[in-house]
């Protein structure tokens, strides 16, 4: 029996918190799309699963001294849609902190995440992560 959509998303976020990226992305359909706010920002726009993993590994990960912490503030689910409000934080190598509030919409089908839309403070993200 497939996990409920909320369980899939909570598992995904838990794996990210535990730095288990391979396990996290096992919960994602190979054809999934990730949309990140900020079309004038190099990180913003639509990515496929492999593209997002590359982005995290090559652009975000090297800036951090330890993994980002994802704290769930609230979660609402209806059918295959799971909306999550999170606070994400972590120290960077230049001494600043990444501190962002996000609203993320997940669509889960057949036990896999198929769509992600992430809304966040793009100015803060671009200042910390880079243009």
Helix 5-17: angle to the longest alpha-carbon principal axis of the chain, degrees 0 to 90, nearest 10? 30 degrees
Per residue, the convex hull volume that the Cα atoms of the chain enclose (Å³): 93 Å³
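Taken together, the values in this text are just the output of simple stated rules run on the coordinates, not laboratory data. The structure presented is a predicted model; accordingly, all values stated were derived computationally and were not measured.
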